[in-house]
Number of protein chains: 4
Amino acid sequence: MKKKKLNIGLIGFGFMGRTHSNAYRKVTNFFDIPYEPVLQTICGLEEDKSKAFADRWGYKTWTTDWHKVVEDKNVDVIDICVPNNVHAEIAIAAAKAGKAILCEKPLALNSEQAKTMVDAVEKAGVANMVSFNYRRVPAVTLAKKLIDEGRLGRIFHYRANFLQDWTISTKVPQGGIATWRLDVKAAGSGVTGDLLAHCIDTAMWHNGPINNVCAMTETFVKERMNVDTGKVEPVGIDDACTFFCKFDNGSLGNFESTRYARGHKALYTFEINGENASIAWDLHDLHRLSYFDHRDDSIVRGWRSIHVTDGDMPYMDKWWVPGLQIGYEHTFVHQAADFLQGMAEGKPASPTFREALATQQVCDAVLKSARNKSWEKVPR
Amino acid sequence: MKKKKLNIGLIGFGFMGRTHSNAYRKVTNFFDIPYEPVLQTICGLEEDKSKAFADRWGYKTWTTDWHKVVEDKNVDVIDICVPNNVHAEIAIAAAKAGKAILCEKPLALNSEQAKTMVDAVEKAGVANMVSFNYRRVPAVTLAKKLIDEGRLGRIFHYRANFLQDWTISTKVPQGGIATWRLDVKAAGSGVTGDLLAHCIDTAMWHNGPINNVCAMTETFVKERMNVDTGKVEPVGIDDACTFFCKFDNGSLGNFESTRYARGHKALYTFEINGENASIAWDLHDLHRLSYFDHRDDSIVRGWRSIHVTDGDMPYMDKWWVPGLQIGYEHTFVHQAADFLQGMAEGKPASPTFREALATQQVCDAVLKSARNKSWEKVPR
Amino acid sequence: MKKKKLNIGLIGFGFMGRTHSNAYRKVTNFFDIPYEPVLQTICGLEEDKSKAFADRWGYKTWTTDWHKVVEDKNVDVIDICVPNNVHAEIAIAAAKAGKAILCEKPLALNSEQAKTMVDAVEKAGVANMVSFNYRRVPAVTLAKKLIDEGRLGRIFHYRANFLQDWTISTKVPQGGIATWRLDVKAAGSGVTGDLLAHCIDTAMWHNGPINNVCAMTETFVKERMNVDTGKVEPVGIDDACTFFCKFDNGSLGNFESTRYARGHKALYTFEINGENASIAWDLHDLHRLSYFDHRDDSIVRGWRSIHVTDGDMPYMDKWWVPGLQIGYEHTFVHQAADFLQGMAEGKPASPTFREALATQQVCDAVLKSARNKSWEKVPR
Amino acid sequence: MKKKKLNIGLIGFGFMGRTHSNAYRKVTNFFDIPYEPVLQTICGLEEDKSKAFADRWGYKTWTTDWHKVVEDKNVDVIDICVPNNVHAEIAIAAAKAGKAILCEKPLALNSEQAKTMVDAVEKAGVANMVSFNYRRVPAVTLAKKLIDEGRLGRIFHYRANFLQDWTISTKVPQGGIATWRLDVKAAGSGVTGDLLAHCIDTAMWHNGPINNVCAMTETFVKERMNVDTGKVEPVGIDDACTFFCKFDNGSLGNFESTRYARGHKALYTFEINGENASIAWDLHDLHRLSYFDHRDDSIVRGWRSIHVTDGDMPYMDKWWVPGLQIGYEHTFVHQAADFLQGMAEGKPASPTFREALATQQVCDAVLKSARNKSWEKVPR
């Protein structure tokens, strides 16, 4: 079967630019999808680096002006891998230009901005997806499957943490290319938008909508050098955020994220407690899922450590043989496969911009709650 | 050396009555303390069971009237192992009678009641201690030592959970001897007083005072049969409680307890994140402490699983040889050793009634916060 | 019910003397057995220490001459906790005197000596048991139960290790009270008799007889100071021993023990692989059993970590509540309970001297194989 | 910098054909090496599948005759991914044709055959390497680094297992494309050549030469359907193999492999015990290394679980950010990088054919020992 070529215009050559490029290069080696993605053009702020990136990954062309990518007739898909404060502008222009769009998370700086993006893609009728890649860790997808099969019964608790430790030193600056996530102007928020957004996206996918939240945030280091201005400036982001909440299904949520948890690099964890069974997972051993089933014979009942590598596990029939684990980067390959397959079938791939807006609304309510020291209702 | 005999009057022959009796019987086999505790008298509500308990454990006498124990000239120590709503009355009477007192946790139904108990023991000048036994798990004591040595540096986060699953079934009743913990009249509260009180006691011992709290509680099962009345009655306790808080040292706390976490029997866990090092522990593997030290050489840096069994670990020189673990019951032996040693030296053994009052005040603020849906300041 | 008193004469006040004394003191507090053991007399080599031990544990009398204990009309049970080279003499004398006997492992210095002991107790018709205490870790007993229920199906592999690290330093001496285990005259062998004997006892209990063995031993430190002679002398024991073997049921065994495995204090581990299920366990987390059942639904199939603390687990209805672990010392309490219960019923408690002889025969074949560098058949 | 193109001719499109193709496609995206590998031609037995494989992976041409690949002037590197019994013929022809050669493991059916291959490549002076990919798991490479730095001190023990469970069913056939590993004619041996060869390669890399071995093998299922002949035929391979051995440095080895260990898919594990420190690793969590250092302060001494993802870990500066794990396939990318870098520099990449011959010699001695039931010296 001859595959249809689909030309990718990637904007942003940072960490996410690499994960997305790798995904496009690998996806058809492993997945049977009707499209063949072609690395058409890469756009970054710096000429030298854009060119080098194009060479390394095999992009046909490069530019430093994202408008050119959006307007390029040869480009079918706009992939947005730039800081959060530029998402909206690019996405809206891409929608107007009729391009399919894959956008990094969080969708926008805030819900208002996110809404304009949803409106734009829906009006234009273009394929759209937000890169909440952790949904597509096979173990996380398996958790969804187990929940949907009803194995857990009534859900009582959903807990999720995302713990890092990379900003403990006061010498870490804000702003610039490497540390824009610490600059509130570029990032919109700190751990809430960067890390909790992942936890919230997965949680609502697993467990349904969140309706009310109550949060506490903290900024441990109050001032940092700003790479862009060269001055020591106040830090505007949340270094840490904890919130509890209620889901529509009556279960309770407890979420926490920080970049001050010494010893944890990217420890995204979740645990779901149901009437009959519970599930737990963590990103540091992403290829495993923990599962406890109360219906087991009592003398052999215990937490099961499921090595999610067999061919009957989500996505795993595409990879190697039982026992051999995949890693972080594969989540982006799965995402690319699902996005492209959705385009081929004319079906949206989840999470769409609209679904990501709901996550943004929870984030906004969390930040508002922390400011107001009050419970906040999540708008719908 | 001839040891001085110290006669114990134990009130309550339930689960805690067993752990305390076992502790008194073992303590001088392993610890060198100047006192020899003697199991003098046991008091319970039912004659047959009191007598059987006395036979099994070697108590010299038994009674069903606690006033007789308190008034007994042959009794030196009153050990209170009854439901929470009876603590105050017995303790105050015992103080007036000049007895040393070891009281099960939580100290009282609420802070007001607890204060009257503190006043009574301090006025009487009697030795007093509350049985927050988990402090004396060697790994938990080791955590205290590591913190006090300054190994962690500035503390950013303290997290603690206490997860159980024994009340998920709606058929579990409230009231009676086995399930008084579900009856708000006997227990005062649910998981907050029963489980979070442990977490709070240890947390403040490790990390100093808590000054403000914000909490959410839930009662998943709204009605249960009351064993005492034979009627289905509303459930007045909190089935689950989550709260976040601030400590005086600027660190953030996140605490959760529930009896609806399928798969966890008594999963008390804590984690402390400091600038230089972090510590984690859980009760299901109580003989281990996890420790991460950022100052290790980077290529061999990782979480260390410390098997707390060597002779240089807290309390462990008294027991067996390296590699051989002790269990739950030993925390009570350590507690008895420290209490009796404190009496011998005329020094209070921690936590005293006054220290336990501070824990009660946090619990009260937590419950108030959940009712009011607001942050609450912890009174001092 | 009035219990019959049973007077214990304990010979040897070292590490094992403590574990056995503790067991006798605790057993009737937790187990309902018709006998009440009484700590009648303790016998050790040194006067001062024997007296101090008697004081600490409540023995009525003490002596430094074991013959007096054996001949004492007031003694019902002789409990032998002395170095291996004295087991036979005492046990045979005790048998002749008509005493019940509990003997520490390994039964003897070698099979020949062990046979004379078996003959003596069988001729005398006295109750006899050897203290292979690890069988009575609840998780290890649970493994036996799962095997006997047929859950594993045909067995393919049995693997066991016992790893320690306490003799790595060349400064550790041999001989004397604390280090007689390094002196071949007192111990008979090194890790084979001390550690592998445990593994072999449990393995044959779990998996049936071993018929052929092939072994390698090593003595890493060739000379050590002998505390008894004050001279540096050749080391006669095996520091490490590895052997593989065949069981009568067609499965293969792989056993290893060493005192040179840095990082392991008492890491006794075993794993059993059957057609349908597998089991694994280790002594450093003795309260857990790992279990894998291939018949589970494939998407939730994984190793289960069973927290062996519920009341339906072997021995655990006698202790605390679910989630609260017991430790090393409890294996001796279980052993005492089973031994005394067996005496009450006139039924042998396993392992008897005869069963321990079979273990000794495997040990002897292992040592012979290592000397001869050949496969050796295990005599029956 | 313009990279020199290097044309790859891959023979065999099975599981290994995929891992190697993926490696060539990815290597220059992540590693800075002077060569750009080009997927020139793929050769397989079946036309349809060869063509489909070429399409999927982007090979320019395909063939079913390996001689054409070897003779192709456009091919620079011959990559051999076929069953073991065809390695020698192809490799020798490729050497004669002056091609660089990467050959899957084990090198040959036996040492004699392997020697002819070593002679051929050394005579031709062509680059040559054998694909013992597990050396290049970052954690395994880190272990090598820690040993070479002398952190362990004198080594006492090296233990390695490779446990699988995929041939327990008697319905698994032998022969054919999917199950040639069970047919002795194609594979040469069972677990010894397939799995223990990996363990031995890594062990000798870590710990130096093995000089004497003593082994036991077993074939649990004696007859299986042969896909090639359509008949039930005797099984000629070893289903399980255990051996112990001595290393030149005086340490002891214990190795075991089986395909009958229910619950383990690809559980390659090793542990090394040194005087000062120990190391352990397993393939089911390949991104972690366990490390114990006795020189740590005693109260914080424990096994460290090192999450091998930071940029200062072997190979990890090429991938993502700390905390994000890579997987199985990356070992082949590392191998390709090292092989091509070696070619560029004119330096052999380890393990060469000659080094792989030493592994083959240990395998042969192991199989001979099992047949003869005797210790065997490893020829050099």
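Residue-by-condition table, conditions (1) touching a Ser or Thr at 6+ places or on another chain (Cβ under 8 Å); (2) of a type in the set (Gly, Ala, Ser); (3) closer than 23 Å to D:Val191 by Cβ; (4) buried (at least 18 other Cβ atoms within 10 Å of the Cβ):
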site: D:Leu107; (1), (2), (3), (4): yes, no, yes, yes
site: D:Asn110; (1), (2), (3), (4): no, no, yes, yes
site: D:Met117; (1), (2), (3), (4): no, no, yes, yes
site: D:Thr141; (1), (2), (3), (4): no, no, no, yes
site: D:Gly150; (1), (2), (3), (4): no, yes, no, no
site: D:Phe162; (1), (2), (3), (4): yes, no, yes, yes
site: D:Ser169; (1), (2), (3), (4): no, yes, yes, no
site: D:Val172; (1), (2), (3), (4): yes, no, yes, no
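Regarding C:Ile33, is this residue surrounded by 18 or more Cβ atoms within 10 Å (Cβ to Cβ), touching an Asp or Glu at 6+ places or on another chain (Cβ under 7 Å) and among the hydrophobic types (A, V, I, L, M, F, W, C)?
no
Looking only at region A:167-190, decide whether some residue is at pLDDT 95 or above, of a type in the set (S, T, N, Q), touching a strand residue (DSSP E or B) at 6+ places or on another chain (Cβ under 7 Å) and farther than 29 Å from B:Phe255 by Cβ.
yes
So which pairs qualify, if the first residue must be in region B:196-223 and within 14 Å of chain A (Cβ to nearest Cβ) and farther than 20 Å from B:Arg181 by Cβ, the second must be among the polar types (S, T, N, Q) and part of a strand (DSSP E or B), the Cβ gap must be under 6 Å, and the two must be at least 6 apart or on different chains?
Close Cβ pairs (under 6 Å, with a partner that is among the polar types (S, T, N, Q) and part of a strand (DSSP E or B)) amount to B:Met216/B:Thr242.
C:Asn74 - would you say it is outside the structural domain of C:Ser290 (by TED's automatic domain parsing) and within 17 Å of the chain's Cα centre (by Cα)?
no
Could you pull out the residue among C:Leu39, C:Leu45 that is of a type in the set (A, V, I, L, M, F, W, C), farther than 24 Å from C:Phe132 by Cα and not assigned by TED's automatic domain parsing to the domain that holds C:Gly175?
Being of a type in the set (A, V, I, L, M, F, W, C), farther than 24 Å from C:Phe132 by Cα and not assigned by TED's automatic domain parsing to the domain that holds C:Gly175 holds for just one of C:Leu39, C:Leu45, which is C:Leu45.
Which ones in region B:311-333 are among the charged types (D, E, K, R) and without any contact (Cβ under 8 Å) to a residue 24 or more places away in the chain?
B:Asp312, B:Asp317
Just give me the residues in region B:1-27 being touching a residue at least 60 places away in the same chain (Cβ under 8 Å) and within 13 Å of chain C (Cβ to nearest Cβ), in sequence order.
Result: B:Phe13, B:Gly14, B:Met16, B:Gly17, B:Thr19, B:His20, B:Asn22, B:Ala23, B:Tyr24, B:Lys26, B:Val27.
I'd like the residue in region A:133-170 that is without any contact (Cβ under 8 Å) to a residue 40 or more places away in the chain and of a type in the set (D, E, K, R) and, out of all such residues, is nearest to A:Asn207 (Cα to Cα).
Step by step, filter region A:133-170, then rank; the result is A:Asp148.
Could you list, in sequence order, all residues of region B:344-354 that are part of a helix (DSSP H, G or I) and either free of Cβ contacts under 8 Å to residues at least 60 places away in the same chain or crowded, with 20+ Cβ neighbours inside 10 Å (or both)? Before you say what the answer is, go through the steps one by one.
Just the residues of region B:344-354 that are part of a helix (DSSP H, G or I), to begin with: B:344-345, B:353-354.
Once the filter is applied, which keeps residues that are part of a helix (DSSP H, G or I) and either free of Cβ contacts under 8 Å to residues at least 60 places away in the same chain or crowded, with 20+ Cβ neighbours inside 10 Å (or both), region B:344-354 yields B:Glu345, B:Phe353.
Just name the residue that is farthest from the other protein chains (Cβ to nearest Cβ) out of those in region D:308-331 that are farther than 18 Å from A:Leu286 by Cβ and part of a loop (DSSP other than H, G, I, E, B).
So the residue we want is D:Tyr315.
Any idea which of (1) within 14 Å of chain B (Cβ to nearest Cβ); (2) in a helix (DSSP H, G or I) is the one A:Leu367 doesn't satisfy?
(1)
Taking region C:9-30 as the search range and keeping residues that are more than 22 Å from B:Thr19 (Cβ to Cβ) and among the small types (Gly, Ala, Ser), which one is surrounded by the fewest Cβ atoms within 10 Å (Cβ to Cβ)?
That would be C:Gly14.
For region B:255-287, which residues satisfy the criterion of being more than 25 Å from A:Asp293 (Cα to Cα), surrounded by 21 or more Cβ atoms within 10 Å (Cβ to Cβ) and not polar (S, T, N, Q)?
Passing the criteria: B:Phe255, B:Glu271, B:Ile272, B:Gly274, B:Ala277, B:Ile279, B:His287.
Of all strands (runs of 3 or more DSSP E) completely enclosed by region B:239-282, which ones contain at least 2 residues that are touching a Cys at 6+ places or on another chain (Cβ under 8 Å)? Full working, then the answer.
On the way: elements: B:240-247, B:252-258, B:267-274, B:277-282.
The qualifying strands (runs of 3 or more DSSP E) are B:240-247, B:252-258, B:267-274.
Any residue at all in region B:333-352 that is among the polar types (S, T, N, Q) and closer than 30 Å to A:Leu163 by Cβ? Steps first, please.
Here is the first cut: in region B:333-352, the ones among the polar types (S, T, N, Q) are B:335, B:341, B:350, B:352.
In the following step, the residues that additionally are closer than 30 Å to A:Leu163 by Cβ were identified as none.
No, region B:333-352 contains no residue that is among the polar types (S, T, N, Q) and closer than 30 Å to A:Leu163 by Cβ.
Of all residues in region A:265-291, count the ones that are of a type in the set (A, V, I, L, M) and away from chain D (no Cβ under 14 Å).
Step one: filter region A:265-291 for residues of a type in the set (A, V, I, L, M), giving A:266-267, A:272, A:277, A:279-280, A:283, A:286, A:289.
If we keep only those that are away from chain D (no Cβ under 14 Å) too, we end up with A:272, A:277, A:279-280.
So the answer is 4.
Any idea which of B:Phe30, B:Phe53 is facing another protein chain (nearest Cβ under 9 Å), over 21 Å from the mean Cα position of the chain (by Cα) and in contact (Cβ under 8 Å) with a residue 40 or more places away in the chain?
Of the residues listed, the single one that is facing another protein chain (nearest Cβ under 9 Å), over 21 Å from the mean Cα position of the chain (by Cα) and in contact (Cβ under 8 Å) with a residue 40 or more places away in the chain is B:Phe30.
Among (1) closer than 25 Å to D:Cys199 by Cα; (2) of a type outside the set (Asp, Glu); (3) out of contact with any Pro (no Cβ under 8 Å at 6 or more places or on another chain), there is one condition D:Leu142 misses while meeting the rest; what is its number?
For D:Leu142, the exception is condition (3).
Looking at this structure, is A:Asn226 more than 12 Å from chain B (Cβ to nearest Cβ) and touching a strand residue (DSSP E or B) at 6+ places or on another chain (Cβ under 7 Å)?
In short, yes.
Would you pick out the residues in region C:315-325 that are crowded, with 19+ Cβ neighbours inside 10 Å and either closer than 16 Å to C:Ala337 by Cα or touching a strand residue (DSSP E or B) at 6+ places or on another chain (Cβ under 6 Å) (or both)?
C:Tyr315, C:Met316, C:Trp319
Is one or more of the residues making up region B:292-302 part of a loop (DSSP other than H, G, I, E, B), more than 13 Å from every other protein chain (Cβ to nearest Cβ) and either touching a residue at least 12 places away in the same chain (Cβ under 8 Å) or surrounded by fewer than 23 Cβ atoms within 10 Å (Cβ to Cβ) (or both)? Write out each step before concluding.
Residues of region B:292-302 part of a loop (DSSP other than H, G, I, E, B): B:294-297, B:301-302.
Applying the additional criterion that residues be more than 13 Å from every other protein chain (Cβ to nearest Cβ) yields none.
Checked region B:292-302: no residue is part of a loop (DSSP other than H, G, I, E, B), more than 13 Å from every other protein chain (Cβ to nearest Cβ) and either touching a residue at least 12 places away in the same chain (Cβ under 8 Å) or surrounded by fewer than 23 Cβ atoms within 10 Å (Cβ to Cβ) (or both).
Starting from region B:261-279, take each residue that is at positive phi and list its partners that are surrounded by fewer than 23 Cβ atoms within 10 Å (Cβ to Cβ), counting only C-beta distances under 7 angstrom and pairs at least six apart or across chains.
B:Gly263/A:Trp303
The values are calculated or read from the model by the stated rules, or taken from the named source; none is laboratory data. This structure is a prediction, so every number in the text was calculated from the model and none was measured. Glycine also receives a Cβ, built like all others from the backbone with ideal geometry; neighbour counts cover every protein chain displayed.
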